Amino acid sequence: MWILASLSLLIALASLAGAVVALRRTGSGRSEGGPELPEDVHGLRQEVAALRAEAAEALKHLAVVRYDAFGDMGGHLSWSFALLDDGGNGVVVTSIHGRSEARTYAKNVVGWSCEHQLSPEEEEAIAHARPER
């Protein structure tokens with residue numbers, strides 16, 4: 001019985017030694033305190049960084065504010081819609097609904113502000129679209 005236990009221990013030690021040798025061969029160089037990564041991992045990291053940079057410019061922050069533009073009308077039929085990227089660049093669109101017509105306006109937003117005067121509802125839409133920091 002002790003022969004079987006000794007043999008099992010010997011096999012386990014040999015396997016451990018083989019694993020250590022294999023790790024040293026694949027990770028011969030060290031970078032930043034850890035083993036060197038395979039080339040495909042570096043490529044994947046570059047792709048992830050590129051995707052993050054691209055996603056920062058995507059119009060992904062949005063908010064809608066509905067309201068009554070005129071006191072004699074109800075139903076919150078007028079609205080302002082902000083659609084912005086991570087830097088606060090994008091557009092705010094407003095539709096003012098009246099009894100006989102509806103008017104739509106679009107204003108460029110750069111850096112969370114606009115060169116045109118914004119209505120309180122447009123400012124509110126931009127504020128709601130801005131992610132919390």
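For region 96-118, filtering for residues that are within 19 Å of D68 (Cα to Cα), surrounded by 10 or more Cβ atoms within 10 Å (Cβ to Cβ) and charged (D, E, K, R) leaves 1. Residues in region 65-94 that are among the small types (G, A, S) and within 14 Å of E123 (Cβ to Cβ): S80, A82, G88.
Mind listing whichever residues of region 67-90 are aliphatic (A, V, I, L, M), closer than 23 Å to E101 by Cβ and either in contact with a strand residue (DSSP E or B) (Cβ under 6 Å, 6 or more places away or on another chain) or in a strand (DSSP E or B) (or both)? Listed by number, the residues that qualify are A69, L77. Being loosely packed, with under 11 Cβ neighbours inside 10 Å, over 30 Å from P120 (Cβ atoms) and either more than 38 Å from the chain's Cα centre (by Cα) or modelled with pLDDT under 75 (or both): is that true of A14 here? Here the answer is yes, as A14 does meet what is asked.
The values are calculated or read from the model by the stated rules, or taken from the named source; none is laboratory data. Keep in mind the model is a prediction, meaning the values are calculated, not measured. Reconstructed Cβ throughout: ideal geometry from the backbone, glycine too, with neighbour counts over all protein chains shown.
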